[in-house]
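Please read through the structure below; I'll follow up with questions.
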Amino acid sequence: MKMLKTILKQFFHEPVTTLFPEEPPRNYAGTRGHLVFDPSKCTSCTMCMKRCPSQAIIVDRAAKTWIIDRFRCVMCGNCVDVCKFDSLSMEREYSKSAAAAERGVEKFDITYVKPEKPKKEGGE
Ligand code: SF4
Ligand code: SF4
(Lines give C-alpha, C1' and ligand atoms only; values in the text may rest on other atoms or scores of the structure.)
(Ligands and ions follow the chains in the order given, each with its own letter.)
Protein backbone atom coordinates (compact mmCIF):
# COMPACT_ATOMS: atom_id res chain seq x y z
CA MET A 1 0.00 0.00 0.00
CA LYS A 2 2.86 2.34 0.88
CA MET A 3 4.49 1.68 -2.48
CA LEU A 4 1.24 2.34 -4.35
CA LYS A 5 0.96 5.69 -2.58
CA THR A 6 4.50 6.58 -3.65
CA ILE A 7 3.82 5.56 -7.26
CA LEU A 8 0.62 7.59 -7.43
CA LYS A 9 2.33 10.59 -5.86
CA GLN A 10 5.05 10.49 -8.52
CA PHE A 11 2.42 10.41 -11.30
CA PHE A 12 1.18 13.85 -10.30
CA HIS A 13 4.54 15.32 -9.29
CA GLU A 14 6.74 17.38 -11.59
CA PRO A 15 9.79 15.43 -12.74
CA VAL A 16 12.84 16.05 -10.54
CA THR A 17 15.23 15.48 -13.44
CA THR A 18 15.96 17.95 -16.26
CA LEU A 19 16.16 17.40 -19.98
CA PHE A 20 19.88 18.14 -20.23
CA PRO A 21 21.30 19.24 -22.67
CA GLU A 22 18.05 20.73 -24.04
CA GLU A 23 17.52 22.54 -20.72
CA PRO A 24 20.56 24.33 -19.25
CA PRO A 25 21.91 22.75 -16.05
CA ARG A 26 20.76 24.39 -12.81
CA ASN A 27 23.27 25.75 -10.38
CA TYR A 28 22.96 26.75 -6.74
CA ALA A 29 24.86 28.87 -4.18
CA GLY A 30 27.45 26.14 -3.53
CA THR A 31 27.73 24.76 -7.06
CA ARG A 32 31.29 24.21 -8.19
CA GLY A 33 30.89 24.92 -11.88
CA HIS A 34 34.40 25.61 -13.06
CA LEU A 35 37.76 26.85 -11.83
CA VAL A 36 38.92 30.30 -12.96
CA PHE A 37 42.55 31.40 -12.94
CA ASP A 38 43.70 35.04 -12.91
CA PRO A 39 47.28 35.14 -14.28
CA SER A 40 47.80 38.72 -13.12
CA LYS A 41 47.60 37.73 -9.44
CA CYS A 42 49.55 34.48 -9.43
CA THR A 43 52.89 34.72 -7.61
CA SER A 44 53.94 31.18 -8.67
CA CYS A 45 54.01 30.09 -5.03
CA THR A 46 53.05 26.53 -6.18
CA MET A 47 50.72 25.89 -3.21
CA CYS A 48 47.82 24.99 -5.51
CA MET A 49 49.98 22.40 -7.28
CA LYS A 50 51.14 20.90 -3.97
CA ARG A 51 47.64 20.66 -2.51
CA CYS A 52 45.78 19.37 -5.57
CA PRO A 53 44.76 15.78 -4.80
CA SER A 54 44.60 14.78 -8.44
CA GLN A 55 47.78 16.46 -9.74
CA ALA A 56 45.71 18.54 -12.12
CA ILE A 57 47.86 21.68 -11.79
CA ILE A 58 51.43 22.29 -12.92
CA VAL A 59 53.13 25.56 -11.99
CA ASP A 60 56.42 26.18 -13.78
CA ARG A 61 58.18 29.04 -12.02
CA ALA A 62 60.99 29.29 -14.56
CA ALA A 63 58.71 29.33 -17.60
CA LYS A 64 56.11 31.46 -15.74
CA THR A 65 53.25 29.18 -16.76
CA TRP A 66 50.25 27.76 -14.93
CA ILE A 67 48.67 24.66 -16.46
CA ILE A 68 45.50 22.80 -15.58
CA ASP A 69 44.30 19.45 -16.85
CA ARG A 70 40.53 19.77 -16.57
CA PHE A 71 40.01 16.04 -17.08
CA ARG A 72 41.99 15.42 -13.89
CA CYS A 73 40.31 18.14 -11.83
CA VAL A 74 37.70 16.76 -9.41
CA MET A 75 36.43 20.23 -8.45
CA CYS A 76 37.33 19.80 -4.78
CA GLY A 77 38.19 23.49 -4.35
CA ASN A 78 41.43 22.86 -2.38
CA CYS A 79 43.46 25.07 -4.69
CA VAL A 80 41.03 27.97 -4.22
CA ASP A 81 41.28 27.60 -0.43
CA VAL A 82 45.09 27.56 -0.34
CA CYS A 83 45.70 30.40 -2.83
CA LYS A 84 46.46 33.43 -0.68
CA PHE A 85 46.64 35.77 -3.63
CA ASP A 86 43.04 35.46 -4.92
CA SER A 87 44.31 34.09 -8.17
CA LEU A 88 41.87 31.19 -8.14
CA SER A 89 38.10 31.20 -7.82
CA MET A 90 35.25 28.79 -8.33
CA GLU A 91 32.44 29.95 -10.60
CA ARG A 92 28.92 28.55 -10.39
CA GLU A 93 28.40 28.30 -14.14
CA TYR A 94 29.53 25.08 -15.73
CA SER A 95 32.28 25.49 -18.27
CA LYS A 96 32.23 24.19 -21.80
CA SER A 97 33.22 20.58 -22.10
CA ALA A 98 36.84 19.99 -21.15
CA ALA A 99 37.14 18.34 -24.53
CA ALA A 100 36.83 21.81 -26.07
CA ALA A 101 40.31 22.59 -24.77
CA GLU A 102 43.10 20.58 -26.29
CA ARG A 103 42.85 17.23 -24.46
CA GLY A 104 41.39 19.16 -21.50
CA VAL A 105 44.68 20.95 -20.86
CA GLU A 106 44.76 24.74 -20.57
CA LYS A 107 47.98 26.71 -20.30
CA PHE A 108 48.26 30.29 -19.03
CA ASP A 109 51.20 32.68 -19.06
CA ILE A 110 51.63 34.20 -15.60
CA THR A 111 51.63 37.98 -15.90
CA TYR A 112 52.04 38.92 -12.23
CA VAL A 113 54.68 41.60 -11.62
CA LYS A 114 56.09 41.90 -8.12
CA PRO A 115 55.60 45.46 -6.87
CA GLU A 116 58.79 47.39 -6.18
CA LYS A 117 59.62 48.09 -2.56
CA PRO A 118 59.34 51.79 -1.68
CA LYS A 119 62.78 53.42 -1.40
CA LYS A 120 63.86 54.53 2.05
CA GLU A 121 63.87 58.28 2.56
CA GLY A 122 67.31 59.83 3.01
CA GLY A 123 69.07 57.10 1.02
CA GLU A 124 71.41 57.96 -1.86
S1 SF4 B 1 47.38 30.15 -8.32
FE2 SF4 B 1 47.66 30.88 -6.22
S3 SF4 B 1 48.38 29.12 -5.07
FE4 SF4 B 1 48.67 28.66 -7.26
S5 SF4 B 1 50.76 29.26 -7.72
FE6 SF4 B 1 49.45 30.98 -8.20
S7 SF4 B 1 49.44 32.24 -6.34
FE8 SF4 B 1 50.20 30.23 -5.75
S1 SF4 C 1 39.65 22.03 -7.71
FE2 SF4 C 1 40.75 20.37 -6.62
S3 SF4 C 1 41.18 18.87 -8.20
FE4 SF4 C 1 40.65 20.75 -9.26
S5 SF4 C 1 42.58 21.75 -9.66
FE6 SF4 C 1 41.82 22.55 -7.71
S7 SF4 C 1 42.74 21.25 -6.13
FE8 SF4 C 1 42.96 20.18 -8.09
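The values are calculated or read from the model by the stated rules, or taken from the named source; none is laboratory data. Computed from a predicted structure; not experimentally measured. Heads up, the Cβs are rebuilt from the backbone with ideal geometry, glycines too, and the neighbour counts pull from every protein chain shown. Just the protein is used for accessible areas: all its heavy atoms, side chains included, with ligands, DNA and RNA removed. Shrake-Rupley method; radii C 1.70, N 1.55, O 1.52, S 1.80 Å.
What is the chain's relative contact order, in percent, from Cα pairs under 8 angstrom and six or more apart in sequence?
Dividing the mean separation by the residue count of the chain yields 31 percent.
While we're on this one: Go through the cysteines of the chain and tell me which have no other cysteine Cβ under 4.7 Å away.
By the Cβ distance rule, which asks for a partner under 4.7 Å, the isolated cysteines are 42, 45, 52, 73, 76, 83.
While we're here: If you take the charge dipole of the chain about its Cα centre, with +1 on Lys and Arg Cβ and -1 on Asp and Glu Cβ, which of 7, 37, 27 is farthest toward its positive end?
Towards the positive end, the residue furthest out is 7.
What does the accessible area per residue of the chain come to in Å², with a 1.4 Å probe and no ligands, DNA or RNA counted?
Result: 82 Å² of accessible area for each residue.
Still on this structure, please answer the following. Assign unit charges at the C-beta atoms only (+1 for Lys and Arg, -1 for Asp and Glu), then state the dipole size of the chain relative to its Cα centre in Debye, rounded to the nearest 20.
480 debye
Further question: Within segment 30-109, what whole-number % of the accessible surface is contributed by carbon and sulfur, with the 1.4 Å probe and all protein chains included in the calculation?
On segment 30-109, the fraction of accessible area on carbon and sulfur atoms equals 50 percent.
Taking all pairs of distinct Cα atoms, average 1/r, flip it, and tell me the Kirkwood hydrodynamic radius of the chain in Å to one decimal place.
17.8 Å
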